[in-house]
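Novice: Supplied in structure tokens, the structure appears directly below.
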Amino acid sequence: MTLLTCEFDDGAVREWHATSEGVEQRLNQDYTPTLFVDGPGAVLETLGETLRRDPKIATVGFETWFTGLGDRARTRVLRVECKRVMEVRTVAREIRALHEPEYTHPGTLRLYNVDLAPQFRYCVETDTPPIPQRDLDVFDLSMPEPALRDDDLTALTANGEQLGDTPTDVLETLAARLETQDPDVLCCSTARIVPLCHDQAAALGLDEFRLGRAPGYEQLAGENTYESYGQVGHSPARYRVPGRATVDRSNSFLLGEAGIPGLLDLVERSWRPLQETAWGSIGTILTAIQIRHALDRDVLIPWNKWEPEAFKRVETLHAGDRGGFTFAPDVGFHENVVEVDFASLYPNIMVEYNISPETVRCDCHDTDDVPGLGYSLCEREGFIPDVLEPIIADRATLKDAMTAADDEEHREELQARSDALKWILVSCFGYQGYRNAKFGRIECHEAINAFAREILLDAKETLEAGGWRVVHGIVDSLWLQPRDDTTQTPVEVLCDQISTDVSIPLEFEDRFEWVCFVPVRDGEAGALTKYFGKVAGRDEYVTKGIEAVQRSTPAFVETLQRELIRILDETREPAPVCDRLQRGIQRLQRGAIDPKRLVIRKRVSQRLDAYDQRTQTVAALERAAARGLSRHPGQDVAYVVVDDSRRSPARVQLAHETLTDYDSDFYATLALRAGESILAPLGWDRDRIRKHLRKTTTQTLGSYQ
């Protein structure tokens, strides 16, 4: 069984399998999605009798399962099989709202296996792997937003090609190409293309038109705005077509980061079919992988997390709140710098020290295992280490294979798969502290940080004893410089020693000719995540946190800042850098820059009517609304500032409009800030830069290189 996608229709499930022979269709009319209820035995018996009379229920019975990761004995629970997959949550809500108050007190009944995504549920409950037996054929559909607003199908492209001059021509050509290519995946710039094509085909009388392998389409979910880790996001409406996975590029972070190869790797690990994997968040995919492991252990999946944080003394709370390791950077220009990183430090800590919700502060141990916190760690094999260990090992194997690969296309595929696993490993630590994580626990989060701090401090001592000075350190990375007053032990030797001591690989990441650590704006302390430098032996620069890598920075300012870094590399003097900055500002002031290179992209954080200040973003939102372009919290708005002195929508122009002008003073200020990031490590603050720019001097040769 190799499920590509499936559709649920009145209790039946139509499966589409991507096999080595093509596409195979199967119908399952016996599937009954299941939830479980735990509670007092007499209450469950009564509840079961009530549910047997519910027309949404197929069967009711009793089974024994583990209801928690640390359980040593099984629990007798009520098994409730529903007739339709979309009724599982309805039944669960009715049990919680109607039946629980009738039979017992609120909170007495605990529900399991409720909130699984439909296709994922089907795969894990029927033991149907959603793993294609062949490479999938991808068909790309793209349409610019103004054309979507105007329902202008003539702007639709397929695999980068225009389809026709009239809507009828477009739809007929598209249908012919789909029939010829018969793709498995529709990769859309936005899923709104799906209803637009079908609705216009119906209006034009093109009754045979279809994007799927069978007629019709279905809306799976409406658009919604959400908040995660303090960031507002927007999820557009989701659609499906029969027989094909529909991937929405505007609603898939992982597609952008890891491509189709990375998504398929996660499909194999999580058993979420491709379409559900594509729109899922990193945390959602990690949870699916955990759910598979839990079900393999006969552990049910809680609907709501109900385990409270354990009682702690004030001193323990204070120690647990310290977070990860940070060593303030030494602001300035540093030559001959080496960076070393612990490989997947936090996931490796979880595996090496057996950190899992059921092992931290367990009932069977009273030992002082976690440094500084006094938490005990159980010796039983932990659930989280069992989940993470194969992911860590597989990513290491992929990285080795990338190094050995000769074929560029194969190397890119390996990189995509490695990137997908990287994001899962990045999220696994944060999810331990997430209040709604099904398999998270704040004590695990605290224990991981405690071990990380201890490991980095011990590594720092070993490296310093080997003749190196630590100029910066954060989370899992250290930047080192040889001390002048002693002989250095080779970094590689020290890394091997530290790796052996802590059983976690400390890897030589790179050597730099020079690195600049940037101070915080309007201060002298070092910014923890802002630096740039020149990689030794390669014509390559590293940039972290500065304007050139910030998503809102206009292309012109990004290019200018990278040019300033190049000038600094060649001259090692601040004056030529400042002279090159001056030339960039002068070009802005002459109006010599294409406005398209000055587009600013900002993420909308709230509804338009919720903003208090008359910002540029508000002006852009008002301008978009006046043109029928809705922007929801979590979406981006792109614009050029044309007159920053105004507070009306005329302050900006939207990126897709005809751009002819810009506010040169505003963009000169952005350029100046970008220049300050490069010059501040050299001791040139904003006042000194402005003073130099005001001078009428002969430009140095270096500024023209």
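Novice: Tell me, yes or no, whether region 546-566 has at least one residue that is small (Gly, Ala, Ser) and more than 30 Å from GLN653 (Cα to Cα).
Specialist: No, the conditions are met nowhere in region 546-566.
Novice: Can you pull out the residues in region 580-596 that are within 30 Å of PHE333 (Cα to Cα) and surrounded by fewer than 22 Cβ atoms within 10 Å (Cβ to Cβ)?
Specialist: The answer is GLN582, ARG583, ILE585, GLN586, ARG587.
Novice: Does THR154 fit the bill of being more than 25 Å from THR5 (Cα to Cα) and in the same structural domain as THR277 (by TED's automatic domain parsing)?
Specialist: Against the criterion (more than 25 Å from THR5 (Cα to Cα) and in the same structural domain as THR277 (by TED's automatic domain parsing)), THR154 qualifies.
Novice: Note down all Cβ pairs under 6 Å where the first residue falls in region 319-337 and is in a loop (DSSP other than H, G, I, E, B), the second is among the hydrophobic types (A, V, I, L, M, F, W, C) and at pLDDT 85 or above, and they're at least six residues apart or on different chains.
Specialist: GLY324/ALA452; GLY324/VAL475; PHE325/ALA452; PHE325/LEU456; PRO329/PHE517; ASP330/VAL471; VAL331/PHE517
Novice: ASP140 passes all but one of (1) among the acidic types (Asp, Glu); (2) assigned to a strand (DSSP E or B); (3) at pLDDT below 95; which number fails?
Specialist: ASP140 satisfies every listed condition except (3).
Novice: Also, quick follow-up: Filter region 52-67 down to the residues that are in contact with an Asp or Glu (Cβ under 9 Å, 6 or more places away or on another chain), surrounded by 14 or more Cβ atoms within 10 Å (Cβ to Cβ) and closer than 17 Å to VAL114 by Cα and list them by number.
Specialist: The answer is LYS56, ILE57, ALA58, VAL60, TRP65, PHE66, THR67.
Novice: Could you list all residues from region 515-546 that are in the same structural domain as ALA328 (by TED's automatic domain parsing) and acidic (Asp, Glu)?
Specialist: ASP522, GLU524
Novice: Does VAL23 satisfy the criteria of being aliphatic (A, V, I, L, M), under 38 Å from the mean Cα position of the chain (by Cα), outside any loop (DSSP other than H, G, I, E, B) and surrounded by fewer than 18 Cβ atoms within 10 Å (Cβ to Cβ)?
Specialist: yes
Novice: Give region 89-131 a look and list any residue that's farther than 21 Å from GLN275 by Cα, assigned to a helix (DSSP H, G or I), of a type in the set (A, V, I, L, M) and touching a residue at least 40 places away in the same chain (Cβ under 8 Å), or say none.
Specialist: Scanning region 89-131 gives VAL91, ALA92, ILE95.
Novice: For GLU492, are the conditions met, namely being among the acidic types (Asp, Glu), within 30 Å of VAL599 (Cβ to Cβ) and surrounded by fewer than 14 Cβ atoms within 10 Å (Cβ to Cβ)?
Specialist: no
Novice: Separate question: Residues of region 271-290 being touching a Ser or Thr at 6+ places or on another chain (Cβ under 8 Å) and more than 15 Å from ALA245 (Cβ to Cβ), which ones?
Specialist: Within region 271-290, SER281, ILE282, GLY283, ILE285, LEU286, ALA288, ILE289 meet the criteria.
Novice: Further, regarding this structure: Take the residues of region 51-88 that are free of Cβ contacts under 8 Å to residues at least 60 places away in the same chain and assigned to a loop (DSSP other than H, G, I, E, B): which is farthest from ASP10 (Cα to Cα)?
Specialist: Among those that are free of Cβ contacts under 8 Å to residues at least 60 places away in the same chain and assigned to a loop (DSSP other than H, G, I, E, B), it is ARG72.
Novice: Which of the following residues is on the phi > 0 side of the Ramachandran plot, acidic (Asp, Glu) and either surrounded by fewer than 18 Cβ atoms within 10 Å (Cβ to Cβ) or not in a helix (DSSP H, G or I) (or both): ASP458, ASP485, ASP501, ASP522?
Specialist: ASP522
Novice: Looking only at residues in region 467-482 that are under 33 Å from the mean Cα position of the chain (by Cα) and not in a strand (DSSP E or B), which one is surrounded by the most Cβ atoms within 10 Å (Cβ to Cβ)?
Specialist: ASP476
Novice: Can you find, within region 659-689, the residue that is surrounded by the most Cβ atoms within 10 Å (Cβ to Cβ) among those that are within 14 Å of LEU598 (Cβ to Cβ) and of a type in the set (S, T, N, Q)?
Specialist: SER664
Novice: If we keep just the residues of region 257-303 that are within 22 Å of ASP38 (Cα to Cα) and of a type in the set (D, E, K, R), which is surrounded by the most Cβ atoms within 10 Å (Cβ to Cβ)?
Specialist: Going through the qualifying residues, I end up with ARG292.
Novice: Looking at (1) modelled with pLDDT of 95 or more; (2) in contact with a strand residue (DSSP E or B) (Cβ under 9 Å, 6 or more places away or on another chain), which one does LEU581 not meet, given that it meets all the others?
Specialist: (2)
The values are calculated or read from the model by the stated rules, or taken from the named source; none is laboratory data. Just so it is clear, the structure is predicted and the values come from calculations on it, not from any experiment. So basically every Cβ, Gly included, is an ideal-geometry build from the backbone, and we count neighbours across all protein chains shown.
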